Every structure is written in C-alpha cells, then in structure tokens.
Ligand code: OGA
Ligand code: NM2
Ligand code: ZN
Ligand code: ZN
C-alpha cells in the first residue's frame, strides 16, 4: 500500500522555556503564584505540602516520595514565603516549621488550571475514510536512525491510533524486535509472536482465509493487549486487504445520535471467551469504555469471541439493540480506511481504539503470511516521553 509520508505531521510539545515567578502570596486559603507571562497559579496548601520537594520528603537519588500523608499536619499552612526568585521559592510551614522548596519549572509542569490539566490529557484526533490519503507512514530505518522520527511516529500512533511502518526487513521475528523497541512484547497463549496464516485445524478463525469483520483483539483477556503489531511477510494470495476503523470516533458518534444506546454499552459489560484444547480465557469488558473524565477511552468489539450475554434478563433486549446500533456505525464505509499490506510493511495499532478487519483471501491461489505480537501501552508511552525529553528544544 502507499500512504503519505509523515513529514507534514506537527512537531509536538517541545519543552518551552519556563515562565518566571513574579510574586507569591496567600489569598483565601490558597497560594497564588503570579507569573511573568500574566498567568496566576492557585495552589491548595495540602497539595503543596504533600508534594514537598525537600530531601527529607523525597529521596534525591530515586526521586521517589518518602513522605507519607499521615505525616502531613492537618491545617498545614504557609507561615512565611522565603527566597522568592524568578526560578524558585521556599515555604516555611506552620504548625511544624517544615521548609519546602518549589521550582518554577516544576510548578508550571503540574499547574492545576483547567487549561493545564487539559494539556496533560491529549484527546485523540479522529479520522474516517478520507484519512486513507493522509495516513502516516514511516520508514523503519528512519526511526532507527533518528529519535525525532521515532518520536513523531509514536506521537502519530497515540493521536491517530495507528501507524504504518515501511521498509521493514522481511524476516522471522522482526515484529517482536520492533515490539521490544517501542515497549515490551507480551507473551500470551499464542506465544511471543504468532503467525497469521491459513492452516488446516485452526484454533482461531484468524488462522483461515476467511474474512474477519472489524474487531479489537483479545477482549477475552484482562486486560486486553494495548497495542498490536502486524508485519506482512508474504502477500501473494489475492485478497486479504485490511480495514481500519476509528472506534473511539464511532463511539462518540453513538453518544450524539443515540445517547441511551451509548449509555447502555458504557454501563453493562459484554462477556468474551476464547477456548481451545489448552486454554479457557474469559473476561468481561464494556463495549465502550470511558476514561476518568467521561470521554471514550476505548472500545472492545469482537464478534468471534462474544460469549453468551450474562446480564439480568430485563437488560438483554436493550443491550442487544444498543450493540446492534454501534455495530452498524462501525460498518459505515465512510469510517473505513483500507490498506493492502505488502511484504516489509507493518501496522502498529492501538488495539482498544482502532478496530481492524481483513477481507477474505484465496489460500488456494497463493500464500499469505503475517506475523504479529502484542505490547502494552504504558511502555510505549514511557518510551515516547523519554524520546521527547532527549530531543533538543524546538528553535
Ligand atoms: C488477527 C487479524 C488480520 C489479518 O489475526 O487478529 O485480525 O490481516 N488478522 O489477517
Ligand atoms: N490471534 C491472531 O483476538 C483474537 O482472537 C484475534 C488473534 C489468534 C493472535 C486473533
Ligand atoms: Zn519536605
Ligand atoms: Zn485481529
């Protein structure tokens, strides 16, 4: 397949020069830090004291907290604010005289204004069929040789939910090497890596040449894998195109057009199961999962692995009506990006956001071989932050 090169993607969040502190006062039981950029930070005393940055409260070597909440005096309040400079100040606390240093950079990084909180929770950028022309791809060697390219690729992965890697060596196990660079490969009953090929006695319909409707992988696991990698090694058989759908966008559409259906799928879970001769995996998941703010965090959708619904019988009819409504939205061709992977191409997908499916292929007419693995999101997010912190600041 061919997708647009990603060099038009925006450069992200390069660290800005920290603002300078102008004045520190106490107003109505809160600390007020006035900044030279015109902003004020309002900070509760307990929060400041619980996050004391002194060497007694925080181990200077590991940076881990030593302080425990029960040692923070009730009604801790600033007695004096000392040594105010543009970069730092110290609070001397009553009742116990403890002294806490705070740095401007740290305060800005953890600011509690609604705007600062929102900046720390980036929202996904939604896409539909039109994205086929702009969808991002990165040459693997570019990622290996340039931390900026790797950082951009991971930024795109988190913004869009998938990224295509090209020019990947067509070798056995390469997929796990890439998985271990971005994060940590998760070993499952399918192994460290799995071969998606058509085989005689498959334990999973993935291992046939049938079409697979769009789905998220392994909802029968707790937690399901965060990210899936699929590496194309052979694509001689006619067919087998992959279909990608932005599940979070579809779920947010359902919220707008059928609030009751949306609410049902966020409240009453579906049951999933995978069983073979050695395995009996079962888990419950919300088809639509919400984050702490009530935004859609992800979806769990897999018809192959749906177990009998295990809900109070009065809920069953309306649950299915809601599920059907959502399934219809997921099938909307206007939401589908189709890609035909060639050998050397590798899809990285956020499993609980981007649903993937495949068209049937003809195993009698040629071979098709994908190799896959799963990694968890936290490790990839960690790598993304480490890459960002090592980049030189943008000019
Ligand atoms: C899978 C899967 C896609 C494909 O194995 O879970 O979705 O293209 N495979 O074969
Ligand atoms: N395989 C390819 O979630 C699923 O069962 C999809 C996963 C077997 C690892 C297939
Ligand atoms: Zn302290
Ligand atoms: Zn799959």
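Values in this text are rule-based calculations from the coordinates and carry no lab data. Everything numeric here is computed off the predicted structure, so don't read it as measured data. Virtual Cβ from ideal backbone geometry, glycine too; neighbours counted across all protein chains shown.
Assorted remarks:
- Using all pairs of distinct alpha-carbon atoms, the Kirkwood hydrodynamic radius of the range 279-340 works out to 13.9 angstrom.
- Length added when fully stretched, residue 62-residue 20, from 0.36 nm per residue minus Cα-Cα: 12.4 nm
- Relative pair counts by distance (%), Cα atoms of the chain, 20 Å bins: 23, 46, 27, 4, 0
- The range 235-300 versus the range 143-201: alpha-carbon centroid distance in Å: 22 Å
- Extension reserve of the residue 125-residue 292 stretch, reckoned as 0.36 nm per residue once the Cα distance is removed: 58.3 nm
- Net length gained if the chain between residue 55 and residue 92 were fully extended (0.36 nm per residue, minus Cα distance): 11.8 nm
- Ordering of 176-183, 347-354 by burial proxy (mean other Cβ atoms within 10 Å per residue, highest first): 347-354, 176-183
- Antiparallel DSSP beta bridges within the range 126-395, as percent of all bridges there, nearest 5: 95 percent
- The listed peptides 259-266, 148-155, ordered by packing as a protection proxy, come out as 148-155, 259-266 (highest mean of other Cβ atoms within 10 Å first).
- Using the alpha-carbon positions of the range 151-240, Rg (one decimal) and Dmax (whole number) come out as 14.2, 41 Å.
- Virtual spin-label span in nm between residue 201 and residue 180, 7 Å along Cα→Cβ: 3.2 nm
- Here the spin labels are modelled as points 7 Å beyond Cα on the Cα-Cβ line, and at residue 303 and residue 132 they lie 2.1 nm apart.
- 222 nm mean residue ellipticity, helices alone, for the chain (DSSP H n ≥ 4; -39,500 (n - 2.57); rounded to 500): -7500 deg cm²/dmol
- Principal-axis tilt of helix 147-160 within the chain, Cα atoms, nearest 10 degrees: 70 degrees
- Nearest-0.05 FRET efficiency for residue 110 and residue 338, computed from C-beta distance (R0 45 Å): 0.55
- Label sites at residue 327 and residue 381, each approximated as a point 7 angstrom past Cα along Cα to Cβ, lie 3.2 nm apart.
- Acute angle (nearest 10 degrees) that the helix 247-257 long axis makes with the longest principal axis of the chain, alpha-carbon atoms: 80 degrees
- Relative to the longest principal axis of the Cα atoms of the chain, helix 377-390 runs at roughly 50 degrees.
- Highest mean packing first, where packing is the average number of other Cβ atoms within 10 Å per residue, the peptides 62-71, 290-299 line up as 290-299, 62-71.
- Cβ-derived FRET efficiency at R0 35 Å, residue 234 paired with residue 267, nearest 0.05: 0.20
- Overall, the anisotropy analysis places the range 304-395 in the oblate class: the square-rooted eigenvalues a ≥ b ≥ c of its C-alpha gyration tensor yield a/c not less than 1.5, with a/b not exceeding b/c.
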